[in-house]
Amino acid sequence: MNTKQKISSLILSACIGSCLFNTNIVNAQDINSTPNSNTKENIMENSTIPKEMVKITKQPLNQEKVIVNKSTKNIVTADKDATDKTKELISYLREIAKQDKFIFGHQNDVINSVQPNMLIENASNELSTSHNSSEEISSIQRNLNSPTAQSNSKDLTGSIAGMFGIDTLALAGDELHIKDPQKALNASIDVSLKAAKEGALITLSTHMPNFSSKNIKKLSNGKYDFTACSFADCGNFNGTVQDIMPNGKYNAEFTAYLDMIADYGLALQNENIPVLFRPFHENGGSWFWWGGEHLTPQESIDLYKYTADYLKNKGVHNFIYVYSPNGPVTDEKTYMSRYPGDDYVDILAFDFYDDYNEYPAKFKEDFFKNLDKSCATLTKIADKHNKIPAIAEAGMRIMKSDKSGNDGFLKENNPILGHNWYKKVGKIALKNDMPYFLLWANFSPYNCYIPYKYNNDYGHELSDEFIEFYNWDKSVFANEVNFY
């Protein structure tokens, strides 16, 4: 996909996903709700099952917890002052791979989910039109959003994902629809603690705004408010990276954002919870201000180092640092061109998607072949540098029938149906000794990456395949992680 196509897809994803359909975690009082809690009667009176829903025939099986030696002997971390629990997680991830298992991760797993009332056909048709005003869409959203943020993983399997991904867009308020900076941060901390309590590992990604953005507001107390910043601010290419480095005109805004990240990290550190921190992802591409043609390789390196040093100086010592350029991984020289160095990185990873750019699409094996090659290349690089290899972000993006974009899979008639997509990715991770892979978020029925239920009996056409994936003795969900 060329840069223009990629930017268009990302912007569409942001508009549809981050802005229209996110479920507000402030309203989520308890992510520990039992699965299969939805029935035809309590979803909506006199409702009919949407035509695209299929009968779910598989049932999740009881899973045993993973038993892993978490010895920190000979464990080296990028942060020389890393907490013991952080070192234990490095050990744990290495041992998981040796046991021929991998952890399944899902972005926003307990923040966003496809709710049954999003699937009401007349509302879906209304939302799918491109002429709604923002006011109309907000009204539809209020009518559709359920009062709780459930996990589609848990709905289907009885467990949330083994790795819960959260982004700074949540910490800053946008993905939670919270306009108070402290409340947004507190909500992000709270949901992360709840996910960890259920057993999930935590990973934090960073969709940082361009710090020249007019959406950033300076408060009377000298602090900054980032709640108006959205995904679109990542595609603002004004200025240069030097503007946010020491003595730069936007350094205060940048460090205020890092302070927010530090506050999040310290809150979890106080609870002895480590975080896989993934800043400046996909930095080989030009769709974000921190990557590609917008920064030289050396500027990318300096930015990563400055960020890590700043956080460590703030007392954050529970971060495991992840380096995650965009895939495919073709060769070591290209992959390492923006690498900040072994002293700054714990995990070598990459982002890679299975893209179907035409409609209708037929199933193809290209993605899996390229994913396997990329993983094999990355594992060799990781072994050379004594680092852990991983798939930091993945998913399938299938063109919609109206060709408006490809944001996750379709509501029905997916080319990947019947091909065990989730298991295929898992097998590649296993083959290449990768301890986890993470899929992107379920923002809406038009922008999601794992299936969802309508009620106890019916769900998305990929539901059975996902339950089989959960039942597989190689995949690890939160109820099996057994790390804390």
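Within the shell of other residues whose beta carbon sits under 14 angstrom from the beta carbon of residue 179, the net charge comes to -2, with Lys and Arg scored +1 and Asp and Glu -1.
Would you mind classifying the range 252-390 by shape? Square roots of the alpha carbon gyration tensor eigenvalues, ordered a ≥ b ≥ c; an a/c under 1.5 is rounded, otherwise it is prolate if a/b is larger than b/c and oblate if not. Judged from the Cα gyration tensor, the range 252-390 comes out prolate (a/c at least 1.5, a/b above b/c). Summary of packing: across the peptides 370-382, 306-318, the per-residue average of other C-beta atoms within 10 Å ranks them, highest first, as 370-382, 306-318.
Applying 0.36 nm per residue to the separation of residue 400 and residue 98 and subtracting their alpha-carbon distance, the gain on full extension is 104.8 nm.
A simple rule links phi to the HN-Hα coupling: the Karplus curve 6.51 cos²θ - 1.76 cosθ + 1.60 with θ = phi - 60°, which for the range 49-57 gives 5, x, 4, 7, 6, 10, 5, 8, 10 Hz, with x for Gly and Pro.
The modelled label-to-label distance between residue 252 and residue 357, using points 7 Å beyond Cα along the C-beta direction, is 4.4 nm. Label separation (residue 365 vs residue 67): 3.9 nm, computed from points 7 Å beyond Cα along the C-beta direction. Prolate is the label for the range 140-265. Its Cα gyration tensor axes, ordered a ≥ b ≥ c, give a/c of at least 1.5 and a/b above b/c. Taking amide hydrogens as placed 1.01 Å from N in the peptide plane, the amide H of residue 201 sits under 5 Å from those of 163, 164, each at least 5 positions away in sequence or on another chain.
Return the FRET efficiency for the residue pair residue 59, residue 474: r is the Cβ-Cβ distance, R0 is 22 Å, and the value is rounded to the nearest 0.05. Can you show the working numbers first?
Numbers: r = 19 Å, r/R0 = 0.85.
For R0 = 22 Å, the calculated efficiency reads 0.70.
Would you mind classifying the range 427-476 by shape? Square roots of the alpha carbon gyration tensor eigenvalues, ordered a ≥ b ≥ c; an a/c under 1.5 is rounded, otherwise it is prolate if a/b is larger than b/c and oblate if not. Cα axes put the range 427-476 in the oblate bin. State which entries of 65/474; 183/223; 453/474 exceed 19 angstrom in Cα-Cα distance in the structure shown. The answer is 453/474.
A Förster distance of 22 Å, applied to the separation of the beta-carbon atoms of residue 305 and residue 242, puts the FRET efficiency at 0.90. Neighbours of residue 225, meaning other residues whose beta-carbon lies under 10 angstrom from its beta-carbon, give a summed charge of +3 when Lys and Arg score +1 and Asp and Glu score -1.
Here the simple spin-label model places points 7 Å from the Cα toward Cβ, and for residue 293 and residue 180 these points are separated by 4.4 nm.
Throughout, read-outs are computed from the coordinates displayed, never taken from laboratory work. These numbers were taken from a predicted model, which means no experiment stands behind them. Cβ atoms come from the backbone with ideal geometry, glycine included; neighbour counts cover every protein chain shown.
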